[in-house]
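Engineer: Mind having a look at this structure? Questions to follow.
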Amino acid sequence: MGYCIDLSRIGIGEYKNKLKSRTLIPSQMILKENMEQRFACFEKAGVKTVADLLALLKRPETVRELLKQECLDEEYLAILKRQINGTQAKPRKLDDFKWIPAEVLKGLQRHGIRNTKQLYAVVMNGRERRKLFEEPGLDKNELLPLLKQTDLTRIQWVNSTFARVLYEAGYDTVGKVQKADAKTLYKRVVELNKAENLYSGKIGLKDMAICIEAAGELEPEMEQEV
């Protein structure tokens, strides 16, 4: 699969069914309205995969054509585009993982690795991974927490800070988050933050459910490598 979800492998019908069952925030609930009619319009426009749909939504000329359909409007298309874009995990700068030993980060930089997407690509390549573990000054045991937190940043909306929170809470890979119970994960995260003050702001039970669902879209590839 790689660091990001491959949108070309998700059919438009499959995506419609995923949206039906997804937990959405109030501003996204429009995505569940008139789904059959709206997705029929996309199929009529030749859309076969989510990658096709995103490409269509990025072109002003095709958006103008879509807006001629009564069931489609600018607000809906903008929110749909934002939702699809949001499924593509952003590479996080390794410098943001300030709790990781500086010598580990410097060792990775010597390999030209400066963000989580680059690190994930190396970890998933057996030959490159072995070279990395043999690098002088890069202790595998010190590197392992960063590798696991890199895996967690593949989950939609999980940044470096929340990757650390999940890791410290014992949900240290995508596979473990996928299997989590939302209430149990929520309770553990709240307790952990109360004890260690890892993040500011509020995270709710619904946020945990969304995080688990987002993790479910990914292949738990890291489990086999670390």
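Engineer: Just one of the numbered conditions (1) more than 14 Å from the chain's Cα centre (by Cα); (2) farther than 24 Å from Gly201 by Cβ; (3) not hydrophobic (A, V, I, L, M, F, W, C) is not true of Asp95; which one?
Structural biologist: Failed condition: (2).
Engineer: Related question: Looking at Glu61, Glu75 in this structure, which one is loosely packed, with under 13 Cβ neighbours inside 10 Å, within 19 Å of Leu24 (Cβ to Cβ) and out of contact with any Cys (no Cβ under 7 Å at 6 or more places or on another chain)?
Structural biologist: Unique residue meeting the criteria: Glu75.
Engineer: Cβ contacts < 8 Å: first residue more than 29 Å from Glu213 (Cβ to Cβ), restricted to the stretch 86-109; second residue in a loop (DSSP other than H, G, I, E, B) and of a type in the set (Phe, Trp, Tyr), any location; separation 6+ or different chain. Result?
Structural biologist: As it stands, the answer is Leu105/Phe97, since those pairs meet every condition given.
Engineer: Within the stretch 98-140, work out how many residues are closer than 22 Å to Val177 by Cα and either aliphatic (A, V, I, L, M) or over 23 Å from the mean Cα position of the chain (by Cα) (or both).
Structural biologist: Result for the stretch 98-140: 5.
Engineer: Same structure, new question: With respect to Lys117, is the statement that it is surrounded by 14 or more Cβ atoms within 10 Å (Cβ to Cβ) and either within 13 Å of Phe97 (Cβ to Cβ) or of a type in the set (A, V, I, L, M, F, W, C) (or both) true?
Structural biologist: For Lys117, the condition - surrounded by 14 or more Cβ atoms within 10 Å (Cβ to Cβ) and either within 13 Å of Phe97 (Cβ to Cβ) or of a type in the set (A, V, I, L, M, F, W, C) (or both) - is not met.
Engineer: One residue is enough: does the stretch 88-95 have a residue meeting the conditions assigned to a helix (DSSP H, G or I) and touching a strand residue (DSSP E or B) at 6+ places or on another chain (Cβ under 7 Å)?
Structural biologist: Within the stretch 88-95, one or more residues are assigned to a helix (DSSP H, G or I) and touching a strand residue (DSSP E or B) at 6+ places or on another chain (Cβ under 7 Å).
Engineer: Let me ask something else about it. List pairs: first residue in the stretch 126-141 and in the same structural domain as Ile113 (by TED's automatic domain parsing), second residue surrounded by 10 or more Cβ atoms within 10 Å (Cβ to Cβ) and β-branched (Val, Ile, Thr) anywhere in the structure, Cβ distance under 7 angstrom, at least six positions apart or on different chains.
Structural biologist: Correct list of pairs: Glu128/Val122; Arg129/Val122; Arg129/Val123; Leu132/Val122; Leu138/Val104.
Engineer: When you scan the stretch 60-73, do you find a residue that is assigned to a helix (DSSP H, G or I), in contact (Cβ under 8 Å) with a residue 40 or more places away in the chain and of a type outside the set (A, V, I, L, M), even just one?
Structural biologist: Scanning the stretch 60-73, I find no residue that is assigned to a helix (DSSP H, G or I), in contact (Cβ under 8 Å) with a residue 40 or more places away in the chain and of a type outside the set (A, V, I, L, M), so the answer is no.
Engineer: Can you pull out the residues in the stretch 130-146 that are under 11 Å from Pro101 (Cβ atoms) and among the charged types (D, E, K, R)?
Structural biologist: Asp139, Glu142
Engineer: Given the residues Leu24, Leu19, which is the only one that is assigned to a helix (DSSP H, G or I) and surrounded by 15 or more Cβ atoms within 10 Å (Cβ to Cβ)?
Structural biologist: Leu19
Engineer: Then there's this: Restricting attention to the stretch 32-59, which residues are over 24 Å from Asp6 (Cα atoms) and in a helix (DSSP H, G or I)?
Structural biologist: Gln37
The values are calculated or read from the model by the stated rules, or taken from the named source; none is laboratory data. Source: prediction; values computed, not measured. Ideal geometry is used to build each Cβ from the backbone, glycine not excepted, and the neighbour counts take in all protein chains shown.
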